[in-house]
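The values are calculated or read from the model by the stated rules, or taken from the named source; none is laboratory data. On a predicted model such as this, the values are computed, not experimentally measured, just so you know. Don't worry about glycine lacking a Cβ; one is built from the backbone with ideal geometry, like all the others, and counts go over all protein chains shown.
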Amino acid sequence: MRTAVFTGSFDPFTIGHDDIVRRALPLFDRIVIGVVESNVHKSHARSAEERRAAIADIYAKEPRVEVKIYSDLAVDFARREGALFIIKGIRSVKDFEYEREMAEINRSLNGTETLLLLADPALAHISSSMVRELAHYGKDISKYLPKAK
């Protein structure tokens with residue numbers, strides 16, 4: 001069984017994240033979305049369990065997708081899940097440079113490969129931090145959040 005993990009804070013999980021998962025599904029038998037419990041570089045508006053549950057609702061009818069919380073390195077989470085690949089979406093050159101460095105480290109740690117998928121140009125402007133900021137100012141963010149299919 002070919003397994004990959006898609007890891008991140010996902011606070012919130014956006015239509016851009018959903019697009020990456022749905023585009024990666026034909027490549028893998030199983031995708032485990034890993035919601036990091038905490039990130040030393042970010043504060044979270046919602047708990048990891050709230051984030052996990054919201055994402056699980058989106059994929060409730062997709063048996064190839066699981067959603068789990070992890071609290072260590074993504075590469076260690078991938079190993080525990082039996083995944084040889086980590087999926088990452090990139091929206092910009094800045095994202096690419098960061099993810100390239102992480103991919104090289106992850107491969108050096110245990111051979112885990114990273115699959116970089118370019119964001120759909122129509123969605124590349126959407127980020128979780130942008131959506132959080134809009135929500136903070138009372139704006140309707142529903143068009144940036146995926147619905148269960």
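Quick notes
Results for (1) of a type outside the set (D, E, K, R); (2) farther than 23 Å from I126 by Cβ, shown as yes or no for each residue.
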site	(1), (2)
L27	yes, no
D72	no, yes
K88	no, no
E104	no, yes
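- Of the residues making up the range 125-149, those that are aliphatic (A, V, I, L, M) and over 17 Å from D57 (Cα atoms) are I126, M130, V131, L134, A135, I141.
- Residues that are modelled with pLDDT under 95 and surrounded by fewer than 16 Cβ atoms within 10 Å (Cβ to Cβ), drawn from the range 5-40: S38, N39, V40
- The requirement of being touching a Ser or Thr at 6+ places or on another chain (Cβ under 6 Å), under 16 Å from A4 (Cβ atoms) and touching a residue at least 12 places away in the same chain (Cβ under 8 Å) is fulfilled nowhere in the range 125-143; no residue meets it.
- Scanning the range 80-105 for residues that are in contact with a helix residue (DSSP H, G or I) (Cβ under 6 Å, 6 or more places away or on another chain) and of a type in the set (D, E, K, R) yields one hit, K88.
- Residue pairs whose Cβ atoms lie under 9 Å apart, separated by 6 or more positions or on different chains, with the first residue in the range 59-72 and on the phi < 0 side of the Ramachandran plot and the second loosely packed, with under 11 Cβ neighbours inside 10 Å, are Y59/A148; Y59/K149; A60/A148; K61/A148; K61/K149; E62/K149; R64/D29.
- Any hit, the range 97-113, residues being under 28 Å from K61 (Cβ atoms) and either among the charged types (D, E, K, R) or without any contact (Cβ under 8 Å) to a residue 40 or more places away in the chain (or both): no
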